[in-house]
Protein chains: 2
Amino acid sequence: MFHGLSAFPLTPTDEHGVDTTAYAALVARLADARVDSIGALGSTGGYAYLTREQRAHAAKIAVESADGVPVMVGIGALRTAHVLALAEDAQNAGASAVLLAPMTYQPLTDDEVFGLYEDVTRELSVPLCVYDNLATTHVRFSDELLGRIGQLPNVGSVKIPGEGAGARIGALRALLPSSVTVGVSGDWTAARGLNSGADVWYSVLGGLFPRTALAIAREPAGEVSGRLEPLWALFRRHGSLRVVSAAASHLGLVREPNLPRPLRELGAVDRREVVAVLDSLGLDG
Amino acid sequence: MFHGLSAFPLTPTDEHGVDTTAYAALVARLADARVDSIGALGSTGGYAYLTREQRAHAAKIAVESADGVPVMVGIGALRTAHVLALAEDAQNAGASAVLLAPMTYQPLTDDEVFGLYEDVTRELSVPLCVYDNLATTHVRFSDELLGRIGQLPNVGSVKIPGEGAGARIGALRALLPSSVTVGVSGDWTAARGLNSGADVWYSVLGGLFPRTALAIAREPAGEVSGRLEPLWALFRRHGSLRVVSAAASHLGLVREPNLPRPLRELGAVDRREVVAVLDSLGLDG
């Protein structure tokens, strides 16, 4: 399942809880577009901010709304014991795979990061995607560390930042078993990553505009990604999460507020700019 | 209460739960030494890895074991709603103050960090210490942001990294109300910070060797801190948490394991070095 376009939807959340109706519709929208897989409760899906119960419930809704499209569920947490419980919940919900970023509070040594994956993969009955996201976890994965983790049972893919991925993919292929695919995130770099041989695009854009993202994933050498540069600039400036939150709200797919505090939706001026960019790009649904 | 030596004990934890007996004894040890305050469930106290229930129970034990020494309780969490619940639990446990670091997964804007403190301080009935810890939260507090937060109700102190504190304290004093004290952490820089006019030392050493830390806090221009340089070198190399974990275990104050996975206790070679340094410094209890 770790190939092509993996689309990461928002999990619309306010201080009262998850808007499960809106969430089911966001996932169904991805299933309608026939993305290759759905990444539920990724960074864009706000996994780090939700309780175990909210995550288990959201995972169930995602699988039920995915119309047979395989669903990968984020199981990250600061503590290994909590990750193991979340893995069990995800598998019980019918997840086809799990996604694990090494969340940190105390900075982790490489051996601690490896130990986390060792302890978790041992217990899995579905494949795992290793999530290398420096901006959120502050773990700096060396190629060597990803290569070691890639030897563990049940590892199916590694998700690396798109910046610099081109130069890195060759080195990683030499260190990873051939069964482990390499995927990129950081939407503005995805076309370049796919052109450099990445197998998967783990995509924020795809979680809201799956048909546009599929056009890039199917023909990364085409001109679609370049045309979206005004949107990519907003992703870089505000973080893609805040931009897709504003876009989903503009499209009427989520209510306001939809981000968990302390995160805040964009202010009025920034939102008008998001809407103007969506309009100019014809990203109206 | 935000002056002198604030001592931060470990919360000994394994995969089965918190060792509450050992924890009560660690806190009582600080009370016996008459530290100025006790920082329960700080970074050294592993707050980020524990459940709400475990934290509420530990806070209660800390207050009960503190023999009247004021206890500050860490209430950090990724989500504002969870911080508010933890603040309520801490106050119900009898905390004299709370400590709040802006934990992050998604990088936060300055307005989001300010919003967190605004939402939390509004609900408090005890004073709050603002916890600036770049290494764990990755939030880079400008002096201006600390100054803004310092104007909020119930803010009693700011805890800043000791590196560079000397140059920063003057600027902060000009931005903070006079009722807000400035404290330093990063034990190897504490004496310098106190000599530069810091009001408090938020201390990891003090959580295990309170009498030695008191000697430094009472006479920061003395030679004690300099003599401890071999220990400070280990703090910098391994992180102070892993070193005090090994030291507490060597003293028979905690069992093994005592850190929550994925964190790992130091390996045999590093532990022998910790013990050798403790012995050479006469830090034997």
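Which residues, counting only those in the stretch B:100-114, are touching a residue at least 24 places away in the same chain (Cβ under 8 Å) and not aromatic (Phe, Trp, Tyr)? Quick ask: steps written out before the conclusion?
The initial filter retains those residues of the stretch B:100-114 that are touching a residue at least 24 places away in the same chain (Cβ under 8 Å), namely B:100-105, B:107-108, B:110, B:113-114.
B:LEU100, B:ALA101, B:PRO102, B:MET103, B:THR104, B:PRO107, B:LEU108, B:ASP110, B:VAL113 - these are the residues of the stretch B:100-114 that are touching a residue at least 24 places away in the same chain (Cβ under 8 Å) and not aromatic (Phe, Trp, Tyr).
The one condition from (1) within 22 Å of B:ARG148 (Cα to Cα); (2) in contact with a helix residue (DSSP H, G or I) (Cβ under 8 Å, 6 or more places away or on another chain); (3) more than 7 Å from chain A (Cβ to nearest Cβ) that B:THR109 does not meet is (2).
So is A:ALA101 at the interface with chain B (Cβ under 10 Å from one of its Cβ atoms) and out of contact with any helix residue (DSSP H, G or I) (no Cβ under 9 Å at 6 or more places or on another chain) or not?
In short, no.
Just one of the listed residues (A:VAL244, A:VAL254) is in a helix (DSSP H, G or I) and either away from chain B (no Cβ under 14 Å) or farther than 23 Å from A:ASP199 by Cα (or both), namely A:VAL244. Restricting the stretch B:55-81 to residues that are assigned to a helix (DSSP H, G or I), closer than 16 Å to B:LEU30 by Cβ and open to solvent by less than 10 Å² (accessible area, probe 1.4 Å), the residue that is nearest to the other protein chains (Cβ to nearest Cβ) is B:ALA58.
Out of B:LEU128, B:LEU175, which single residue is of a type outside the set (S, T, N, Q) and surrounded by fewer than 24 Cβ atoms within 10 Å (Cβ to Cβ)? So that I can check it myself, show each step before the final result.
Values: B:LEU128 fails: surrounded by fewer than 24 Cβ atoms within 10 Å (Cβ to Cβ).
One residue alone meets the criteria, B:LEU175.
I'm told B:LEU134 meets every condition in (1) more than 21 Å from B:ALA95 (Cβ to Cβ); (2) away from every other protein chain (no Cβ under 14 Å); (3) open to solvent by 40 Å² or more (accessible area, probe 1.4 Å); (4) under 16 Å from the mean Cα position of the chain (by Cα) except one. Can you identify the failing condition by its number? Only one criterion in (1) more than 21 Å from B:ALA95 (Cβ to Cβ); (2) away from every other protein chain (no Cβ under 14 Å); (3) open to solvent by 40 Å² or more (accessible area, probe 1.4 Å); (4) under 16 Å from the mean Cα position of the chain (by Cα) is unmet by B:LEU134, namely (2). Picking from residues in the stretch B:167-188 that are polar (S, T, N, Q) and closer than 17 Å to B:GLY4 by Cβ, the one that is nearest to the chain's Cα centre (by Cα) is B:SER185. B:ARG264 passes every criterion in (1) assigned to a loop (DSSP other than H, G, I, E, B); (2) open to solvent by 20 Å² or more (accessible area, probe 1.4 Å); (3) in contact (Cβ under 8 Å) with a residue 24 or more places away in the chain apart from (3).
Considering each residue of the stretch A:87-99, count those that are touching a residue at least 60 places away in the same chain (Cβ under 8 Å), open to solvent by less than 10 Å² (accessible area, probe 1.4 Å) and of a type in the set (Gly, Ala, Ser), and give that number.
1
Within the stretch A:233-240, identify whether any single residue is crowded, with 24+ Cβ neighbours inside 10 Å and within 14 Å of chain B (Cβ to nearest Cβ), and answer yes or no. Yes; the residues of the stretch A:233-240 include at least one that is crowded, with 24+ Cβ neighbours inside 10 Å and within 14 Å of chain B (Cβ to nearest Cβ). Whenever a residue of the stretch A:55-67 is closer than 16 Å to A:SER37 by Cβ, its partners that are surrounded by fewer than 21 Cβ atoms within 10 Å (Cβ to Cβ) and modelled with pLDDT of 95 or more, lying with C-beta atoms within less than 6 angstrom and at least six residues away or across chains, give the pairs A:ALA59/A:ALA93; A:VAL63/A:ALA93; A:VAL63/A:GLY94; A:SER65/A:ALA24; A:SER65/A:ALA28; A:ALA66/A:ALA31; A:ASP67/A:ALA31. Taken together, A:LEU26, A:LEU84, A:LEU10 contain a single residue that is farther than 25 Å from B:ASP119 by Cβ, touching a helix residue (DSSP H, G or I) at 6+ places or on another chain (Cβ under 9 Å) and open to solvent by 10 Å² or more (accessible area, probe 1.4 Å), which is A:LEU84. Taken over the stretch B:29-54, the criterion of being more than 13 Å from chain A (Cβ to nearest Cβ) and open to solvent by 20 Å² or more (accessible area, probe 1.4 Å) is satisfied by B:ARG29, B:ASP32, B:ARG34, B:ASP36.
So that you can scan it fast, the table gives a plain yes or no per residue for (1) closer than 20 Å to B:SER37 by Cα; (2) within 14 Å of chain A (Cβ to nearest Cβ); (3) touching a Ser or Thr at 6+ places or on another chain (Cβ under 8 Å):
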position	(1), (2), (3)
B:PRO127	yes, no, yes
B:ARG140	no, yes, no
B:GLY147	no, no, no
B:VAL155	yes, no, yes
B:GLY166	no, no, yes
B:LEU175	no, no, no
B:VAL180	yes, no, yes
B:TRP188	yes, no, yes
B:TYR202	yes, no, yes
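Selection of the stretch B:196-232 for residues being open to solvent by 30 Å² or more (accessible area, probe 1.4 Å), in contact (Cβ under 8 Å) with a residue 12 or more places away in the chain and aliphatic (A, V, I, L, M) yields B:ALA221, B:VAL224.
Considering the stretch A:244-254, and only residues there that are in contact with a helix residue (DSSP H, G or I) (Cβ under 7 Å, 6 or more places away or on another chain) and open to solvent by 20 Å² or more (accessible area, probe 1.4 Å), the residue that is nearest to A:TRP232 (Cα to Cα) turns out to be A:HIS250.
The values are calculated or read from the model by the stated rules, or taken from the named source; none is laboratory data. Here the structure is a predicted model, which means the values were calculated and not measured. Positions of Cβ are backbone-derived with ideal geometry, glycine not excepted, and every protein chain shown enters the neighbour counts. For accessibility, only protein heavy atoms count, side chains too; no ligands or nucleic acids. Shrake-Rupley method; radii C 1.70, N 1.55, O 1.52, S 1.80 Å.
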